[in-house]
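Please read the structure below before turning to the comments.
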Amino acid sequence: MRKVISGLLLTTILLSSCGGRKTLNPVAYMEYMEDAENGLMKTVTVGAYEYHIQFAPAEYLASRQYYKEMEQGVMDGYKKRMEAMKGHVFFLVNIYPRKASEQTISERITQNAGAEQRVMYYQQQAANDIVLKAGAFEQMPSTYVYEDNYGLSPYNTIVVGFAGDYSKEDMQLIFNDRYTHTPLIKAGFSKDELSALPSISVKTN
Amino acid sequence: MDKRMISKIYAWLTVLSAMVLLIGAAFCWQLMKPADVAYIDIGKLVSGYQMKKDLDKQANVDLQRIKSVSDSLKMIKKAVLGTPTPRLDSQLQYVQYAFQQYYEQSNRSISEKIWERLNPLMEQYGKERKIRLLVGANGAGTVLYGDKGIDMTDDLIKYLNGKYEKGN
């Protein structure tokens, strides 16, 4: 009996020490990704702006879109989306004006006047100012979208994608924002952070 | 020795060792306690900050371009030595002026950009390290004397460069 117990104990310890990937449901997975403590969401504060850079693998983007269906066990949309984004890695760059509530009316008017210029830059030129460093290589974006919020949300979002599999290398996203005159906005993601990425579990009917 | 005596000695020894432990712990805590006040060598901080190095490198590329134009004009001037070249002279003067202007402007802008980035991070650093006052020593007499033990420059440079490369 003793031998059996010690054998079971040893197996449990061995299995737990193997430290396999965490498995989370879609909502918990998104929360994990967005928790800065886990190192997949970085913040760079510069002057009047704050840049939140979210590492967003295909699983994260597809979960954001289909988590409600996934919770019901419906996976068609998720699978289709995953197929479409296969072989790419994405980043969401959210640009927040700092202390927006403390801005004076004249500051807000100036900002609104510059809205057209801002949209022009982020829609047409900013993609050339973003680069991904992975290992020894530098890569330009293969997909790029600027989500124009028409002033309805307090931040603007850029979705930028790069072709290739970078899960085994340290990565660094570098953005030279020429609209806000902010050079060298860097967000680094280490191999360790990337290898600790959880996987998604879905209850199927 | 009777039993009573032994138990008394034991009690005294226990009290004594507890006191020694307490004093030792207080001493260690005092040693390990983060400094309330620290100072930073600003010159060393700025020159050790990786962003400054990167921006300097970028600016140097542009300055080198302007300089090469100026060097070419100087060569031409040397080649036509003795001949009056008023147009060439004014061109050379303009390029030299542009070089000077660009140099000054890039220095100013690099300094602005660096401090925009450093200020929020220094606040964060102070809070994280539980420092109540962080003084910047700039060689102009703001800090007349500072113990090496409260010189946090190297630690801050390491902290800032980590945040610069990885984000917060």
When the stretch A:57-69 is checked residue by residue, the ones that are within 21 Å of A:Phe90 (Cα to Cα) and not in a strand (DSSP E or B) are A:Ala58, A:Glu59, A:Tyr60, A:Leu61, A:Ala62, A:Ser63, A:Arg64, A:Gln65, A:Tyr66, A:Tyr67
Counting only residues in the stretch A:19-40 that are closer than 30 Å to A:Arg178 by Cβ and open to solvent by less than 50 Å² (accessible area, probe 1.4 Å), the one nearest to the other protein chains (Cβ to nearest Cβ) is identified as A:Gly39
_in contact with a helix residue (DSSP H, G or I) (Cβ under 9 Å, 6 or more places away or on another chain), modelled with pLDDT of 90 or more and open to solvent by less than 40 Å² (accessible area, probe 1.4 Å): is that true of B:Tyr103 in this structure?_
no
Given the conditions (1) over 17 Å from B:Ile157 (Cα atoms); (2) under 29 Å from the mean Cα position of the chain (by Cα); (3) away from chain A (no Cβ under 14 Å); (4) among the charged types (D, E, K, R), every one holds for B:Lys44 apart from (1)
Checked pairs for the stretch B:71-89, first farther than 19 Å from B:Phe99 by Cβ, second of a type in the set (D, E, K, R), C-beta under 7 Å and 6 or more apart or across chains, list as B:Thr85/B:Lys77
Residues of the stretch A:164-198 being over 15 Å from the mean Cα position of the chain (by Cα), more than 10 Å from every other protein chain (Cβ to nearest Cβ) and in a strand (DSSP E or B), in sequence order, are A:Asp177
Next item on the list: Answer yes or no as to whether B:Leu88 is open to solvent by 60 Å² or more (accessible area, probe 1.4 Å), assigned by TED's automatic domain parsing to the domain that holds B:Asp54 and either in contact with a Gly (Cβ under 7 Å, 6 or more places away or on another chain) or modelled with pLDDT under 90 (or both).
Entry: no
Within the stretch A:41-68, of all residues that are within 14 Å of chain B (Cβ to nearest Cβ) and over 17 Å from A:Ile158 (Cβ atoms), the one most open to solvent (accessible area, probe 1.4 Å) is A:Ala48
Going through the stretch A:134-153 in order, the residues found to be closer than 21 Å to A:Phe189 by Cα and either open to solvent by less than 80 Å² (accessible area, probe 1.4 Å) or of a type in the set (Phe, Trp, Tyr) (or both) are A:Ala134, A:Gly135, A:Phe137, A:Gln139, A:Pro141, A:Ser142, A:Thr143, A:Tyr144
All-but-one check, A:Phe162 against (1) more than 14 Å from A:Tyr122 (Cβ to Cβ); (2) of a type outside the set (D, E, K, R); (3) in contact with a helix residue (DSSP H, G or I) (Cβ under 8 Å, 6 or more places away or on another chain); (4) buried (at least 16 other Cβ atoms within 10 Å of the Cβ), failing number (3)
Residue count, the stretch A:92-133, condition among the hydroxyl-bearing types (Ser, Thr, Tyr), at pLDDT 85 or above and farther than 22 Å from A:Phe189 by Cβ, comes to 2
Checked the stretch A:170-205 for anything within 14 Å of A:Asn38 (Cβ to Cβ) and among the aromatic types (Phe, Trp, Tyr); matches are A:Phe189
Filter the stretch B:113-167 for residues that are surrounded by fewer than 15 Cβ atoms within 10 Å (Cβ to Cβ) and on the phi > 0 side of the Ramachandran plot; the one that is modelled with the highest pLDDT is B:Lys130
For the stretch B:103-123, pairs from a residue that is within 9 Å of chain A (Cβ to nearest Cβ) and within 16 Å of B:Thr153 (Cα to Cα) to a residue that is open to solvent by less than 40 Å² (accessible area, probe 1.4 Å) and in a helix (DSSP H, G or I), with Cβ under 6 Å and 6 or more apart or across chains, are B:Leu121/B:Leu160
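The values are calculated or read from the model by the stated rules, or taken from the named source; none is laboratory data. The shown structure was predicted, so the numbers you read here are calculated from the model rather than taken from an experiment. All Cβ positions, even for glycine, are placed from backbone atoms using ideal geometry, and neighbour counts span all protein chains on display. Just so you know, the surface numbers come from the protein's heavy atoms only, side chains and all, with ligands and any DNA or RNA stripped out. Shrake-Rupley method; radii C 1.70, N 1.55, O 1.52, S 1.80 Å.
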